[in-house]
Every structure is written in C-alpha cells, then in structure tokens.
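Heads up: the structure comes next, in structure tokens.
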Amino acid sequence: MDFDIIIQGGTIHTAERSFLGDIAIRDGVIAAVATPGELDRSAVHARRRIDAVGMDIIPGCIDAHVHLDLDCGEGLTTCDDFDSGTRAAACGCVTTVIDFAAAEPGQSLLDAHDAWRSKADGVAHVDYTWHMSITRREQLREIPRIIELGIPTFKAYMIYESRGLHSDDAQIYATLELMRKHDGMLLVHAENNRVLDLLIRRNHTPARMRKHGAQLHAVTRPNFIEAEAIARAITWSEATGGKLYIVHVSTAEGADLIRAARRRGAPVLAETCAHFLSLTDDRLSRKDGHLCATCPQLKKKCDVDRLWQALADDDLSVVSTDTCSFTRKQKNTWDGDFTKIPMGMPGLDTLIPLLYTKGVGAGRISINRLVALCSTNPARIMGMGDRKGCIAPGYDADIAIIDPKRSVAVDHKTLQSRCDWSPYQGMKLGGFAHTTLLRGQVIVKNHRFVGRTPQGRFVPRTAP
C-alpha cells in the first residue's frame with residue numbers, strides 16, 4: 001500500500017472520542033485511520049511522514065460565518081479578503097470558510113454567486129462556499145436554481161431596513177415555506193428593526209454622544225432587541241416547518257428561546273460567535289472601545305456564561321467568528337458618532353485558540369465538543385458532512401495538528417489578518433495550528449503559513 005502522507009502518533013479527536021492513532025492520506029483523501037504502528041506492520045510506503053507524537057489532531061474546522069472582501073458602500077471595504085482571510089483561517093485550524101453573497105441592485109442571485117466566485121477563485125488558501133442573502137421578494141423565485149448549484153443555505157436580515165437589506169415577517173415566512181419545499185435552510189440575523197431604530201434615534205444627540213461615546217452602541221441594543229426577534233423567527237419556522245438557523249446569538253434570553261424551541265422539536269438551529277464567549281460590553285467604555293463595536297454588540301458576563309452552558313448542552317450547535325475586519329483608520333471614521341462605526345471585528349486567526357483555551361482548557365467543554373461545534377456540526381448542518389468535518393476514511397484530508405504545550409500572547413503583528421489591531425491583544429492562547437493540511441497539502445508548518453499557489457476550492461453542498 002502506497003500513501004502520500006502518514007501522520008503518526010498523535011491523539012486523534014473526533015466529535016465522539018479521542019484515541020492514539022495514525023492517519024494515512026492518498027490523493028487528498030483520508031485513506032486509513034489505524035492504531036499506532038499498524039500501518040508500518042502492513043509494509044506500507046509513504047512519500048512523507050509527519051511526527052505528531054504528543055500533539056492533538058482535529059478535523060479541519062469550518063467557519064460558517066465570515067465576511068471577506070465585503071464592499072460596505074461609501075468606499076468602505078473590509079481589510080481582509082479571500083487571500084489574507086484564508087491565510088488567517090489556516091493558521092487558526094480552519095480549512096473551510098462560508099461567506100455571504102449579496103446581490104447588488106439590479107443583480108440576480110446568480111449574478112451575486114458569480115461575483116463571489118470572482119473574489120475567491122484562485123485567491124483562497126482554504127476551501128470556501130457561501131450563503132445567498134435574500135434582500136428582495138423577487139429573489140425568492142431563484143431559490144430552486146441556487147440550490148441546484150450547490151448552495152442550499154440563504155440569509156435574511158430582520159434589521160437594516162434603511163440599507164435595503166431588511167426582510168419583513170411576510171418575506172421571512174414565505175422564504176421558510178420555500179426552505180421546507182426545497183429542503184434548504186434559512187439563516188436569520190434576528191434583531192427587532194423598528195424598536196432598535198427608535199432607540200438609536202433617541203440616543204443620537206450631540207449631548208449623549210459626547211457623554212457616552214461608543215457605549216451608546218450597547219445602550220441601543222438591550223437584550224430584548226435580539227430575544228424578541230428570535231422568538232418571532234422561531235414562530236414562523238414552526239408555522240411553516242422550514243429549517244431555521246439563528247446566526248450570532250449573543251444573549252442568555254436568546255439561548256433560552258432556542259433551547260425551548262428545540263425541546264419542542266422545532267426545526268431550529270443556532271450558532272454563537274467566539275467574541276460573545278470571551279469579551280463583554282465593558283470594552284465599549286475604553287478609549288478605543290469603538291474598535292469592538294459589532295452587530296449584535298458584546299453583552300454582559302451573565303450572557304457569556306449562559307452561552308457557554310448552551311454550547312455544552314447542545315442548545316447551540318456551532319461556533320463561528322462573523323469575521324468582518326476593519327483597520328483602526330477605518331474604525332476611526334466614526335468621529336464620535338456611534339451610528340457611523342463600521343461594525344465588525346477580526347477573528348479567523350483566533351476562533352479555535354479561544355475555544356481551545358477558554359473552553360477546553362478552562363473545563364467548559366471537552367475537546368470532542370470543540371470538534372463537534374467547529375468541524376462536525378457545521379459540516380453536517382451546512383450540507384458537506386459527507387466529506388468535511390471528520391477524520392475517517394473517505395473524508396477530505398483537512399486536518400489540523402495542535403501542540404498542547406504551546407501558548408502565546410496574541411499580537412496582531414504576528415497574525416495573518418491585515419487588521420492592525422486585535423480584540424484579543426495580549427491574551428495568552430493555545431490552540432494555534434502547528435500544522436494544517438488542506439486536502440492533503442501542508443499549508444501551515446511549524447506555526448507558519450507555507451502555502452504558495454492558492455489551493456482553495458469552491459465546495460458545492462447538498463441539502464442540510
């Protein structure tokens with residue numbers, strides 16, 4: 001038996017168990033998983049061997065929520081594109097990213113898909129796909145065709161009415177009906193549009209902005225803004241039977257609503273994000289607090305604790321980053337007006353290090369649960385569970401190897417993101433990739449990105 005690579009002697013972690021083993025790779029696919037030494041006793045030959053003794057081995061992770069090379073209008077584009085963003089992903093153990101493709105006015109969903117292909121093809125260093133954003137009622141008729149192209153997931157916003165992105169209740173209801181009919185899934189940004197806009201107007205005064213600055217971003221988004229919208233979205237999912245996925249859950253109340261819905265058997269899933277598990281809204285009161293303005297915004301410690309419990313209890317199924325990177329210069333354009341802060345933070349480098357350190361290392365979750373949340377679950381839920389998210393024969397050889405003895409203080413200067421700051425600056429984290437393989441190609445070695453020609457491919461998906 002001839003193999004391209006054998007990874008030897010590491011501790012392999014799946015969503016179900018951990019064990020010492022060797023992994024054989026041929027033609028970009030896992031060909032065998034064996035007990036230590038078993039392959040050598042079978043007189044195999046490998047072109048290359050990777051010594052993983054003492055290392056943790058996990059399936060390459062999937063970040064199901066990123067925004068790369070995003071044109072936000074008025075000359076504002078995220079500083080990370082499919083080059084820098086996927087280099088960051090690889091160094092953070094992530095081997096597949098899922099972006100969001102949105103049609104410009106006058107464009108079809110197919111046009112948006114082609115536009116995102118032009119951004120990523122030949123540029124990305126890890127595999128990629130996207131959810132299609134539904135922003136106009138007439139786009140609903142395109143859903144069957146988009147699903148045929150291998151994109152079974154769609155996104156609706158319950159906010160952003162002034163930006164032309166808003167889906168009202170009727171549109172969300174109709175979209176969920178189509179999700180049931182065509183076996184797709186609707187992702188929803190759940191915040192109450194009208195009450196949020198009311199609170200923003202009330203606080204958008206020179207006096208209040210001088211006094212409270214970026215803290216007004218939190219003042220105008222109390223927890224009920226998210227919770228009420230989650231409850232409404234769940235109602236339409238239960239009424240239609242359409243699959244619903246709530247993105248970036250940030251509140252304890254939201255987690256409680258999702259738990260109750262899932263206990264009732266509703267077709268509802270949800271994610272939270274790494275920053276909601278590691279940061280709180282007191283960041284907004286700092287001199288540079290506007291850097292951490294994101295949407296939804298950071299919450300309280302009690303919310304952080306509840307979200308960790310929801311992950312442990314399987315009420316929340318996925319952890320993502322919602323990466324949306326802006327430089328200090330871009331963030332500073334707010335000039336004291338909280339409504340003009342570019343919303344979003346970098347995070348692709350640090351998703352797995354945060355969970356590995358603050359989750360596994362702190363005893364909040366097991367490493368097997370980390371694999372479920374960041375590899376196996378997103379692969380299955382997003383329609384690529386037949387080839388991604390697992391270390392087993394027949395799966396893509398997307399593999400991350402972690403040195404459990406190594407931890408470093410985060411410094412934005414050493415990360416792959418082009419962002420010139422990090423919300424985790426100075427935080428000591430383990431869990432960065434010692435080695436990352438994408439379909440059997442080593443793209444990170446000894447904690448350094450070594451990819452040359454971009455190897456990333458578009459991943460067609462099936463019904464989740």
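The values are calculated or read from the model by the stated rules, or taken from the named source; none is laboratory data. All of these numbers come straight from a predicted model, not from anything done at the bench. Ideal geometry is used to build each Cβ from the backbone, glycine not excepted, and the neighbour counts take in all protein chains shown. Just the protein is used for accessible areas: all its heavy atoms, side chains included, with ligands, DNA and RNA removed. Shrake-Rupley method; radii C 1.70, N 1.55, O 1.52, S 1.80 Å.
Conditions (1) at pLDDT 95 or above; (2) open to solvent by less than 20 Å² (accessible area, probe 1.4 Å); (3) farther than 24 Å from Glu16 by Cα; (4) under 13 Å from the mean Cα position of the chain (by Cα), marked per residue:
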position: Pro59; (1), (2), (3), (4): yes, yes, no, no
position: Ile62; (1), (2), (3), (4): yes, yes, no, yes
position: Val66; (1), (2), (3), (4): yes, yes, yes, yes
position: Cys72; (1), (2), (3), (4): no, no, yes, no
position: Thr77; (1), (2), (3), (4): yes, no, yes, no
position: Asp80; (1), (2), (3), (4): yes, yes, yes, no
position: Thr86; (1), (2), (3), (4): yes, yes, yes, yes
position: Val94; (1), (2), (3), (4): yes, yes, no, yes
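Identify, please: which residue in region 6-40 is among the hydroxyl-bearing types (Ser, Thr, Tyr) and part of a strand (DSSP E or B) and is, among those, surrounded by the fewest Cβ atoms within 10 Å (Cβ to Cβ)?
Taking region 6-40 and keeping what is among the hydroxyl-bearing types (Ser, Thr, Tyr), we get 11, 14, 18, 35.
Next, only the ones that are part of a strand (DSSP E or B) stay: 11, 18.
Values: Thr11: 18, Ser18: 16.
Among them, the one singled out is Ser18.
Just to be sure I understand the filter: pairs with C-beta atoms under 9 Å, separated by 6 or more residues or on different chains, first member in region 32-57 and free of Cβ contacts under 8 Å to residues at least 12 places away in the same chain, second member among the polar types (S, T, N, Q). Which pairs pass?
Matching pairs, first to second residue: Asp40/Gln8.
Counting just the residues of region 105-132 that are farther than 22 Å from Ile443 by Cα and of a type in the set (Gly, Ala, Ser), which one comes out modelled with the lowest pLDDT?
Gly106
Looking at Gly431, Gly456, Gly426, can you tell me which residue is over 18 Å from the mean Cα position of the chain (by Cα) and either open to solvent by 10 Å² or more (accessible area, probe 1.4 Å) or touching a residue at least 60 places away in the same chain (Cβ under 8 Å) (or both)?
Checking each option against the conditions leaves just Gly426.
Could you list, in sequence order, all residues of region 164-192 that are open to solvent by 20 Å² or more (accessible area, probe 1.4 Å), outside any strand (DSSP E or B), in contact (Cβ under 8 Å) with a residue 12 or more places away in the chain and not acidic (Asp, Glu)?
Of region 164-192, the ones open to solvent by 20 Å² or more (accessible area, probe 1.4 Å) are 164-166, 168-170, 173-174, 177-178, 180-183, 192.
Then drop every residue that is not outside any strand (DSSP E or B), which leaves 164-165, 168-170, 173-174, 177-178, 180-183, 192.
Still in the list and also in contact (Cβ under 8 Å) with a residue 12 or more places away in the chain: 164-165, 169, 173-174, 177-178, 180, 182-183, 192.
Gly164, Leu165, Tyr173, Ala174, Leu178, Arg180, His182, Asn192, listed by residue number.
Please go through region 288-338 and give me each residue that is among the basic types (Lys, Arg) and open to solvent by 40 Å² or more (accessible area, probe 1.4 Å), ordered by number. If you could, list the steps in order and put the result at the bottom.
Filtering region 288-338 down to residues among the basic types (Lys, Arg) leaves 299-301, 306, 328-329, 331.
Matches in region 288-338: Lys300, Lys301, Arg306, Arg328, Lys329.
I need a count of the residues in region 96-123 that are in contact (Cβ under 8 Å) with a residue 60 or more places away in the chain, of a type outside the set (Val, Ile, Thr) and either assigned to a strand (DSSP E or B) or open to solvent by less than 10 Å² (accessible area, probe 1.4 Å) (or both).
So the first thing to find is which residues in region 96-123 are in contact (Cβ under 8 Å) with a residue 60 or more places away in the chain, and the list is 96-98, 102, 117, 120-123.
Subset that is of a type outside the set (Val, Ile, Thr): 102, 117, 120-122.
So of that shortlist, the ones also either assigned to a strand (DSSP E or B) or open to solvent by less than 10 Å² (accessible area, probe 1.4 Å) (or both) come out as 120.
Matching residues across region 96-123 total 1.
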